[in-house]
Amino acid sequence: MIQDFSSLDRFEAERPRLRALAYRMLGSSAEADDAVQEAWLRFDRTDLSQVENLAAWLTTVVSRVCLNLLRTRQTRHEESLESFTSDWLGAADDDRIPQEEAELADSVGLAMLVVLDRLSPAERIAFVLHDMFDVPFDDIAHMMERNPAAVRQLASRARAKVRGTGAQAADPARRRHAVEAYLTATRTGDFEALLTLLDPEVELRADATVTGAGRPLTLQGALAVARSAIEAVPRARFTAVALVDGGPALVMAPLGRLSLVIQFTFAGTAMTAIDITADPDRLQAFDVTLG
């Protein structure tokens, strides 16, 4: 069935919103485009004469497509975390991540995408629809074929995971500011700024997955650590500040999938140790929240 031009125009008017919705649900621009394209195919072959609210109908279609994709991803484990981590560490260094993907991630927030990726499919759908797109719980319940109380519970659990409830170390604001300053200095290649943040005897420890050499790496001293940070400028583009196990840290997340965590140990506000983790099993065990 071919819809008339007015209906086609209405679909195109909804496309940007539907794509934004699908991207937050899936964390991938390619998958978001696929979800919207599937909505278009269903739109094109459906008699919409009885549809009173086209925007709501399309939201339901896209949400159900995304939910199915998330469940398939979770069940089949089509992308192993290990291969994803190694592939995208190299891609970030070589600046091979699509520009559009990076811009979309920036628009949502890398840390948010990392946290959303830790939610169950149902939690993610409920949270995105309600908390990010202001869809009423009754409407979400219809989309997900659940009762409103169950959907409220899903969104509540997701909200708790996103915000986190763990206690932070003393003086968290100053330490978060230091981590933010470290990221800024790394992105801009500001060697002097890095030295002001690092304890002279700082130790950097990177696991074997980070090095790609089959063995971990240890660097000693502010000069060596600062040089290492400057060399990681391409990766810094895809890195954001988040709370990891209750403390301010950096997370690297191309395509919204956690691939590297940088944690800091402080004496006051000086960084005395930096631990860089890319091992898939350890990444899965981290508690990542927005704070």
| said: What's the number of the only condition in (1) touching a residue at least 40 places away in the same chain (Cβ under 8 Å); (2) assigned to a strand (DSSP E or B); (3) surrounded by fewer than 22 Cβ atoms within 10 Å (Cβ to Cβ) that L250 fails to meet? | reply: (3)
| said: Being of a type outside the set (G, A, S) and either touching a strand residue (DSSP E or B) at 6+ places or on another chain (Cβ under 8 Å) or buried (at least 24 other Cβ atoms within 10 Å of the Cβ) (or both) is the filter here; which residues of region 25-35 pass it? | reply: M25, L26
| Restricting attention to region 260-270, does a residue exist that is of a type outside the set (K, R), assigned to a helix (DSSP H, G or I), surrounded by 18 or more Cβ atoms within 10 Å (Cβ to Cβ) and at pLDDT 90 or above? | no
| message | For the condition free of Cβ contacts under 8 Å to residues at least 40 places away in the same chain, under 20 Å from G212 (Cα atoms) and hydrophobic (A, V, I, L, M, F, W, C), what is the one hit in I262, I276, I230? | response | I262
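Of the residues D190, D199, which single one is in the same structural domain as F264 (by TED's automatic domain parsing), touching a residue at least 12 places away in the same chain (Cβ under 8 Å) and surrounded by fewer than 20 Cβ atoms within 10 Å (Cβ to Cβ)?
Numbers: D190 fails: touching a residue at least 12 places away in the same chain (Cβ under 8 Å).
Exactly one residue qualifies, and that residue is D199.
Output the residue which, of all residues in region 253-267 that are hydrophobic (A, V, I, L, M, F, W, C) and under 9 Å from the mean Cα position of the chain (by Cα), is farthest from D287 (Cα to Cα).
Step one: of region 253-267, the residues hydrophobic (A, V, I, L, M, F, W, C) are 253, 255, 258, 260-262, 264, 266-267.
Filter once more, so that each one left must be under 9 Å from the mean Cα position of the chain (by Cα): 253, 255, 258.
Values: A253: 15, L255: 19, L258: 12 Å.
Among those that are hydrophobic (A, V, I, L, M, F, W, C) and under 9 Å from the mean Cα position of the chain (by Cα), it is L255.
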| said: Condition check: in a helix (DSSP H, G or I) and in contact with a helix residue (DSSP H, G or I) (Cβ under 6 Å, 6 or more places away or on another chain). Does A226 satisfy that? | reply: yes
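Could you please let me know if L198 is closer than 24 Å to V108 by Cα, touching a helix residue (DSSP H, G or I) at 6+ places or on another chain (Cβ under 7 Å) and among the aliphatic types (A, V, I, L, M)? Explain how you work it out, then say what you get.
On the way: closer than 24 Å to V108 by Cα: no; touching a helix residue (DSSP H, G or I) at 6+ places or on another chain (Cβ under 7 Å): yes; among the aliphatic types (A, V, I, L, M): yes.
So L198 does not fit the description; no.
The values are calculated or read from the model by the stated rules, or taken from the named source; none is laboratory data. Please read all numbers here as calculations on a predicted model, not as lab measurements. For neighbour counting, all protein chains shown are included, and Cβ atoms are generated from backbone atoms with ideal geometry for every residue, glycine included.
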